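None of the figures in this text is laboratory data; all of them are computed from the coordinates on show. Computed from a predicted structure; not experimentally measured. When we count neighbours, we look across all protein chains shown, and the Cβ atoms used for this are built from the backbone with ideal geometry, even at glycine.
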Amino acid sequence: MDTITTEQALRLEAIRRRVQGERRRDIYRDLGRSPRWFDKWWAEYRHNPHSDLTDHSRAPHTLPHKTAEPVEQAVVSIRQTLEAANTPDTKYGLIGAPSVRGQLERLGIQPLPSAATIQRIMARHDQTHPVGAGSDSAYYPWPVAWAVNAIHATDIITRYVYGGEEIDNFHTLDLYSQAAHLTQHADKSSATTCAHLLKTWANLGLPLMQQFDNEAAFCGGHTHPRVIGRVVRLCLGCGIEPIFTPFYEAKRNYQIETFHSLWDAAFWSREEFSGLAHVQREAPTFARWYDTVYQPPALQGQTPADRRRGVRVMRLTAEQRQLIPSERLPITAGRIHFMRKVDHTGHIEFLNERWPLGSKWLGEYVRATIDTTRQTLTVWHQADAQTNWHLLKTRQYRLKETVHAVRPQFRRNSARCRDYWPG
């Protein structure tokens, strides 16, 4: 039997604590290691959950007893990693309770739950669908941008500088021209997200549709049912239709994920940043290079500036900015879209509520659209790119607040969105 090294024990300890939900900063500080050390081994684990994190030693390692809540968090995190199937080791592997238990045992997580307990935990978190349920077994109706500022996509990538300071990097991409706007902040709250969006819309222009993943700052949180969060309210108030991609499917935001990779290679990895102010000083230089020199593959020899040249855009003006309340935003007339995959029980979930569609649609991608004016929920399906959207369900969707009309200054050509996406 191989002997476990002190360094391997530290690496396993770091991964165990992270999958159980502990903060990254607390982990590397407690272990007397740097942020880069942690990022290296966390990235290796995410890339290959079966890695032994050492020089080919596979000896078991006993770690301290943890409460049930961290163990449950570890089960959920490991299941997500196995289900993502991003490596040859996991692409065709099993993702059930025995496989999750094997990962828990390898990491030395105690108390080690039984397979039955793991199955119950996964069921509570709606993770008990069969192998392949998260794969492209059904057609996904990609939102395709038809013009400059038709669709923007926004995402956050968090990085840490030496000493542990967290930098939340907000990136927004115009999916037609590939033009980007970047801001950097010390947190990723909904208020910070709104500040980023307002700066983006003043720079790139107001989009017709704004795409997000299901980050709490974007959707309004994961606690209260039927919550219309601050970011969604801001979009509606500015005449913009929010779109949310499916849970746990980062590839549906592939354009912004591709931009993250470029930013990481061409900007973040090229400098030893000292703090937030340093990042904010340097980011405009990268942004200018990206906009005027870099030629994204999708633009076939053009830069983002080339693609937007001569196009008239509607930018957020200072006068319009003054019309947006600084405190609680009202709910405004408009539409909110959720792309979802029907789960193994025939349900979809959004805004912390589950809605039945029936077993006929199991594994299919659908679009749920809330119309705040009519206070209706409609669910739509598109069989393939050549087929029109088909209405599956219509339900009442009552809101407890008064719905306000869009101010004339923010009225957009919403008919173009409705032509593209009925509902």
Karplus-derived HN-Hα couplings along region 390-405 (A = 6.51, B = -1.76, C = 1.60, θ = phi - 60°), whole Hz, x at Gly and Pro: 10, 6, 9, 9, 10, 9, 5, 9, 6, 10, 7, 10, 5, 9, 8, 6
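Compute the normalised compactness of region 291-387: alpha-carbon radius of gyration over 2.2 N^0.38 Å, N being the residue count.
Working: Rg = 20.1 Å, N = 97, 2.2 N^0.38 = 12.5 Å.
So the Cα radius of gyration is 1.61 times the expected 2.2 N^0.38 Å.
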In nm, the gap between the two label points placed 7 Å beyond Cα toward Cβ at HIS278 and MET314 is 4.3 nm
Where does the chain land on Rg(C-alpha)/(2.2 N^0.38 Å)? 1.04
Ordered by packing density, taken as the mean number of other Cβ atoms within 10 Å over each peptide's residues, highest first, how do 257-264, 153-160 rank? 153-160, 257-264
Counting only pairs 8 or more residues apart or on different chains, how many lysine pairs in the chain have their Cα atoms under 22 Å apart? 9
Mind checking the angle between helix 6-19 and the chain's longest principal axis? C-alpha axes, 0 to 90 degrees, to the nearest 10. 40 degrees
Between ALA195 and HIS344, what is the spin-label point distance in nm, taking each point 7 Å from the Cα along the Cα→C-beta axis? 4.3 nm
When a/c is below 1.5 the answer is rounded, else prolate if a/b is larger than b/c, else oblate, so apply that to region 341-423 with a ≥ b ≥ c taken from the square roots of the Cα gyration tensor eigenvalues. oblate
Most to least packed among 348-360, 179-191 [average Cβ atoms within 10 Å]: 179-191, 348-360
The chain: relative contact order from alpha carbon pairs under 8 Å, six or more residues apart, as a whole percent, is 13 percent
Give the angle, between 0 and 90 degrees and rounded to the nearest 10, that separates the Cα long axis of helix 35-47 from the longest principal axis of the Cα atoms of the chain. 90 degrees
